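Each value in this text was obtained by applying a stated rule to the coordinates, not by laboratory testing. The structure presented is a predicted model; accordingly, all values stated were derived computationally and were not measured. Don't worry about glycine lacking a Cβ; one is built from the backbone with ideal geometry, like all the others, and counts go over all protein chains shown.
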Amino acid sequence: MKLHPGLGLLMALLLVSGTAWAQTTGIEHYEYGDFEAAARIFEQELADPQLPLASQAQTRIYLAASLYALGREEAARKPLEALARETPEARVDPVRFPPELVALAELIRQQVESERQLAARDEELQKSREAEFRKAQAAERRRAAFAMSHALRPEVLGLFEAVDHQWTFGAGFTFQRQSLEGTVRVMLGAPPVFHLQAGVRPGNGLIRPFLGARASLLPGIKTYGAGIVAGGRIALPATLVGVFDLGTDYFFTRLNNRYRFAVTAQAGLGIPIPLP
């Protein structure tokens with residue numbers, strides 16, 4: 001059976017037209033008014049994990065426009081929400097798309113931005129709370145170490161003597177029991193000086209005053225003295241204790257042209273070691 005030449009040509013044109021229509025892009029379907037086909041194509045494109053971010057933004061806008069044109073406003077909100085979260089700088093073109101869709105997209109963008117800001121504030125608040133909690137824990141550990149009722153505290157110190165204008169360094173041990181302290185220190189010098197000190201550190205904070213009395217022994221020149229001490233104890237990180245003492249000593253013998261009085265400032269660090 002032979003086909004009429006005109007009929008064969010018409011069938012060929014329809015075949016070519018159908019193939020071309022099948023290959024039409026989603027945007028072309030949208031512009032032709034075939035919103036159902038456009039929406040299917042856009043959903044397929046978004047399912048491709050290799051789709052570039054910029055193309056994703058455009059595809060989401062067209063998908064939302066297609067669904068909106070079909071009267072499926074709730075469905076259109078999903079790609080607009082994804083657009084606002086993934087590419088918040090993208091906007092729906094008011095020239096190309098209906099003003100209602102533009103207004104909906106802007107409303108969703110503002111809602112997502114508000115959620116993002118609220119989440120950022122919550123995260124910042126949570127971080128602040130965690131930082132305060134860690135700070136409180138650290139302070140509690142320092143307070144616990146500082147308040148050890150029975151401990152031995154090795155110390156290293158520096159000393160400045162104001163009358164002779166001399167600097168020296170030394171070390172010692174302090175025995176602490178509740179608010180009481182007893183200390184033995186050796187300050188290096190010519191000759192070395194031994195300090196025997198006892199006193200109290202009242203209070204229960206991280207900074208405590210110290211009041212006490214001190215005996216100073218200089219075996220090298222066979223002299224000794226006594227005086228009073230006032231200072232402070234400060235709880236530091238890593239359970240360290242800052243030590244600061246101001247003292248005055250009166251020496252009962254005066255040899256080698258030494259002054260009868262001494263005024264000293266001592267500062268150093270100690271670390272409490274709990275005792276059984």
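For the reader, a short list of remarks on this structure follows.
- Ordering of 170-179, 113-122, 41-50 by burial proxy (mean other Cβ atoms within 10 Å per residue, highest first): 170-179, 41-50, 113-122
- Sites Gln44 and Arg121, calculated FRET efficiency, Cβ-Cβ separation with R0 41 Å, nearest 0.05: 0.60
- In sequence order, calculated HN-Hα J values of segment 37-44 (Karplus, 6.51, -1.76, 1.60; Hz; x Gly/Pro): 5, 4, 4, 4, 5, 5, 5, 5
- Computed from point charges on the beta carbon alone (+1 for Lys and Arg, -1 for Asp and Glu), the dipole magnitude for the chain about its Cα centre is near 2440 Debye.
- Separation between Cα centres of segment 199-276 and segment 75-126, rounded to whole Å: 67 Å
- On the beta carbon distance between Ile221 and Leu152, with R0 = 30 Å, the FRET formula returns roughly 0.50.
- Cα-Cα pairs of segment 66-109 separated by more than 11 Å (percent): 62 percent
- Recomputing percent of Cα pairs over 31 Å apart from the coordinates shown identifies the correct label among (1) 61; (2) 29; (3) 17 as (1).
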